[in-house]
Structures are given as C-alpha cells and as structure tokens.
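Chemist: Input: one structure, supplied below.
Throughout, read-outs are computed from the coordinates displayed, never taken from laboratory work. Everything numeric here is computed off the predicted structure, so don't read it as measured data. Reconstructed Cβ throughout: ideal geometry from the backbone, glycine too, with neighbour counts over all protein chains shown.
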Amino acid sequence: MPIFSYSLKVQNRNPKKVYTLDNGIASTISLSFSEDNGRKLENLVYQHLRRKSHELYYFKGKKECDFVVRQKNQVIQLIQVCYELNMDNKDREISGLAEAMDFFELKEGIIITFDQQDEFSVDEKIVKVIPANLFLFHPS
C-alpha cells in the first residue's frame, strides 16, 4: 500500500506497506516469537478495506496514520489500528491520526481496536474508538 501523496513520484519513491491476503498463512511463515495481535488486526482491517475500496494509502508526516481511504479523489476516512488503546500507546495513536486529520481537514477519525469502544474530542476533532467486530460487520 503506497504512502499518500499528490505526487506519483513521491508515492513511488517511498516504501510501501505490505499486507497479506491471509492471516493464517502469515502466522505460519512468520519468524516472530510473539502473537503480534496488533499486526494481525491491522492486516484484517486492510483486507476489509481492500474489498470495499480500491484507493488505500498510509499517511506519514511527523507521525503515521495507518489508513487513508480515498474515493473519487476525496479522502473520506482516516483509520488507525491498534489491538488495545492504553496509556503506553494512546498519545502515539492519537497524534498520528490527529496529524492526518489536520492535513486532510477532516473533523473525524477512527481508531479500531480489538474490543474497546469510546469517543472523545481532540482539538475540536472527534476520535471514535470502535471495536473490530462493529467495524468489520457493520452493513455500511
């Protein structure tokens, strides 16, 4: 998945994020000694978004946002994914999402977690924390 840029040259020059089509195969061939649930969840969200949208990017400024969803040349959704939002990662996850929200001038962003649900405001922007099952199986 390429980095978001209005320049194709910049997109081609920057590294792409790699996802698999099957979390089971990825787990089988992985050299990791941990379960890496956060990466598996991010991969699952990627698979879901890929089925729904053909224009997916990641955003990288000072921080990173996992998914930029674009439709008809307009960014419609910004998504961060983390298995669990906690005190150790909350600032990092929110700051990456907030930077992308500022860049794309969006008032709402989403953080997908395994099972947490919340909503809060950051600098007059809304951040919705959505459990993966609601995100993946919502009819819209």
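Chemist: Would you please name the trypsin sites (Lys or Arg not before Pro) within segment 89-121 that are DSSP coil residues with at most 12 other C-beta atoms within 10 Å of their C-beta? Provide the component values of the computation, followed by the final result.
Modeler: On the way: sites: 90, 92, 107; in loops: 107.
The qualifying sites are 107.
Chemist: Rounded to whole Å, give me the distance from the Cα center of segment 106-140 to that of segment 41-103.
Modeler: 11
Chemist: Same structure, new question: Picking from 12, 113, 53, whose Cα lies most toward the positive end of the charge dipole for the chain (charges on Cβ: Lys, Arg +1; Asp, Glu -1)?
Modeler: 12
Chemist: Could you give the length gained by full extension between residue 10 and residue 134, i.e. 0.36 nm per residue of separation minus their alpha carbon distance, to one decimal place? Could you put the intermediate results ahead of the total?
Modeler: On the way: separation 124, 0.36 × 124 = 44.64 nm, distance 3.46 nm.
The residue 10-residue 134 span can extend by a further 41.2 nm.
Chemist: Also, I was wondering about something else. Restricting to DSSP H runs of at least four residues, report the calculated mean residue ellipticity at 222 nm for the chain, -39500 (n - 2.57) per run over all residues, nearest 500 deg cm²/dmol. Write down the numbers at each step before the final one.
Modeler: Values: 5 runs with 50 residues, N = 140.
Here the helix-only value at 222 nm equals -10500 deg cm²/dmol.
Chemist: Treating only the Cβ of Lys, Arg, Asp and Glu as charged (+1, +1, -1, -1), what charge dipole size does the chain show about its Cα centre? Round to the nearest 20 debye. Walk me through the numbers before you get to the answer.
Modeler: Values: 19 positive and 20 negative charges, 168 e Å.
Roughly 800 debye for the chain.
Chemist: Within the chain, what percent of beta bridges assigned by DSSP are antiparallel, to the nearest 5? Intermediate values should be presented prior to the final figure.
Modeler: Working: 15 of 25 bridges.
DSSP beta bridges in the chain are roughly 60 percent antiparallel.
Chemist: Here's another thing I want to ask about it. Net charge within 15 Å of residue 52 by Cβ-Cβ distance, Lys/Arg positive one each and Asp/Glu negative one each, not counting residue 52 itself?
Modeler: Numbers: positive: 50, 51, 70, 72; negative: 55.
Every neighbour counted, the sum reads +3.
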